[in-house]
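A quick write-up on the structure given underneath.
The values are calculated or read from the model by the stated rules, or taken from the named source; none is laboratory data. Just so you know, these numbers come straight off a predicted model, no measurement behind them. All Cβ positions, even for glycine, are placed from backbone atoms using ideal geometry, and neighbour counts span all protein chains on display.
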Amino acid sequence: MLVLLMTACEGIPIDIPWLTSETPTPTQTAGGSSEATPTPDLTPTVESTPEPVTELTLWVPPEMDPNLETEASQLFATQLQLFSELHDGLEIQVRVKAASGTGGLLDALTAASAAAPDALPDLIVMARSDLESAALKGLIFSLDGLTTIPDDPDWYTFTGEMALLQGSTFGLPFAADSLVLVYRPESMSTIPASWEELLENDIPIAFAAESDKALFQLALYQAEGGTIQDNQRRPVLEIDPLSEVFRMFQTGVNAGVFPAWLNQYQTPDQVWTAFMEGQTDLAVTWLSNYLHELPEDTSFSPLLGMSVDVVSYGTGMSWAVATSDESRQQVAVELAEYLVQPEYLAAWSIAAGYIPARPTALEGWQDHSLRIMVNQIAMSTYLVPTNDLITTLGPLLRDGTRQMLQRISDPTQAAQVAVESLEE
């Protein structure tokens, strides 16, 4: 039967797929010649693997130079070393640039972006005003999608807003500052509850009267309920609240509390120097000036409120990404995250003299009374207005204040001039 079966099936082709290979079937062309179907290229595509990141470059202001023999610099250097060890000996180069001005961080970043892109840093420290400018110029990159830390509730309101611009995150804040009143308890045991009471103490109050930013005056104006921009985000001033601010200055001038020599101060740092030299026992300056030195026989308090609220302005520094290389961006963000860890910020901020950007970091401060006061100030601090608002409104408030100090106008008239100048 087997022989018969084999004989009967001899003409039937048997095809066993897993043992046979497919041969292209010739196809007839229009000219009559046959052409084989092309064999598909089954060679696997090998994607190029990005080179591992072995080094990062950081640009920092002079006060953060890791080679300085300060406690803050040593803490910073140690944190960088720990991150390097966690990343297979990643080399971290730190370049020191001036904080501002020609050759400063923003200026150097702008120049390098145009002329030497290969020299750009991976991470850069940026003050709030510089970060805003750099983001608008496309010099730094959004962190959206690269980190979830900005979504953490562990930020003060103003520090959480510090690295935001037009709804995108452009940095991770680490150091913050706020305008405060500093005073000598020997002249004034406690700060009164209102400006009216404070002006009755006959103690000259120093502030940066000639600053074209006029942050102190703007803070008072907002505390009086004044609006600084309309629904279309255009800068505005309102006569009534501005008149009240100028009236407060007029009262202080008449009482000798706001003396004519205030016209020599253009910055809060100059005011701090005058305070430390004993020219006044009461001044408006940055809290960091006090925290840097913690001088004996001095204290501080939040700015006093006006009729509506207590408003102080705050600013600070953030880590921003300046490299366009995606692999380097990721490692740079990881380093920035490492440099805003609460445990590290707790030690670094008190050593450096800044408000830590995160409340849990402030909880690590050992001085209980100092911690309570700084937290109170941070909770009532508003982020400084945007650069365009300050540039537009600041000079108007400075000029109005100057008129009060020189007794050449009344409050309502000075406010009216400021409003009309803005409308023009």
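Candidates in the range 139-151 are the residues that are part of a loop (DSSP other than H, G, I, E, B) and touching a residue at least 40 places away in the same chain (Cβ under 8 Å); of these, the one that is nearest to Ala116 (Cα to Cα) is Leu139.
One line per residue, one yes/no per condition, for (1) closer than 20 Å to Val321 by Cα; (2) touching a Leu at 6+ places or on another chain (Cβ under 9 Å); (3) surrounded by fewer than 18 Cβ atoms within 10 Å (Cβ to Cβ):
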| residue | (1), (2), (3) |
| --- | --- |
| Ser73 | no, no, no |
| Asp88 | no, no, yes |
| Arg95 | yes, yes, yes |
| Ala98 | yes, yes, yes |
| Gly104 | yes, no, yes |
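In the range 386-403, the residues that are at pLDDT 95 or above form Cβ pairs under 6 Å with partners that are among the hydroxyl-bearing types (Ser, Thr, Tyr), at six or more places apart or across chains, as follows: Asn387/Ser129; Leu396/Ser421; Gln403/Ser409.
Residues being more than 20 Å from Pro385 (Cα to Cα) and in the same structural domain as Ala274 (by TED's automatic domain parsing) are represented in the range 307-323 by at least one member. With respect to Leu131, determine if the residue is touching a residue at least 12 places away in the same chain (Cβ under 8 Å), farther than 25 Å from Gln413 by Cα and surrounded by fewer than 22 Cβ atoms within 10 Å (Cβ to Cβ). Here the answer is no, as Leu131 does not meet what is asked. Kindly evaluate Ser73 against the criterion of being among the small types (Gly, Ala, Ser), in a helix (DSSP H, G or I) and under 18 Å from Tyr344 (Cα atoms). Considered against the rule, which asks whether it is among the small types (Gly, Ala, Ser), in a helix (DSSP H, G or I) and under 18 Å from Tyr344 (Cα atoms), Ser73 comes out as yes. Residue-level check: of (1) touching a helix residue (DSSP H, G or I) at 6+ places or on another chain (Cβ under 7 Å); (2) among the hydrophobic types (A, V, I, L, M, F, W, C); (3) crowded, with 18+ Cβ neighbours inside 10 Å, Leu422 misses just (3).
Here Arg328 meets each of (1) of a type in the set (D, E, K, R); (2) assigned to a helix (DSSP H, G or I); (3) surrounded by fewer than 17 Cβ atoms within 10 Å (Cβ to Cβ) with one exception, condition (3). Taking the criterion of being more than 23 Å from Leu383 (Cβ to Cβ), assigned to a loop (DSSP other than H, G, I, E, B) and in contact with a helix residue (DSSP H, G or I) (Cβ under 6 Å, 6 or more places away or on another chain), the only residue of the range 165-208 that qualifies is Pro192. Answer yes if at least one residue in the range 140-163 is surrounded by fewer than 16 Cβ atoms within 10 Å (Cβ to Cβ) and of a type in the set (A, V, I, L, M), and no otherwise. No, the range 140-163 contains no residue that is surrounded by fewer than 16 Cβ atoms within 10 Å (Cβ to Cβ) and of a type in the set (A, V, I, L, M).
The residue that is farthest from Ile350 (Cα to Cα), among those in the range 76-116 that are modelled with pLDDT of 95 or more and of a type in the set (S, T, N, Q), is Thr110. In the range 309-325, the qualifying residues are those that are assigned to a loop (DSSP other than H, G, I, E, B) and under 21 Å from the mean Cα position of the chain (by Cα), and the one that is surrounded by the fewest Cβ atoms within 10 Å (Cβ to Cβ) is Ser324. In the set (1) hydroxyl-bearing (Ser, Thr, Tyr); (2) assigned by TED's automatic domain parsing to the domain that holds Gln222; (3) closer than 22 Å to Thr148 by Cβ, the condition left unmet by Thr360 is number (2).
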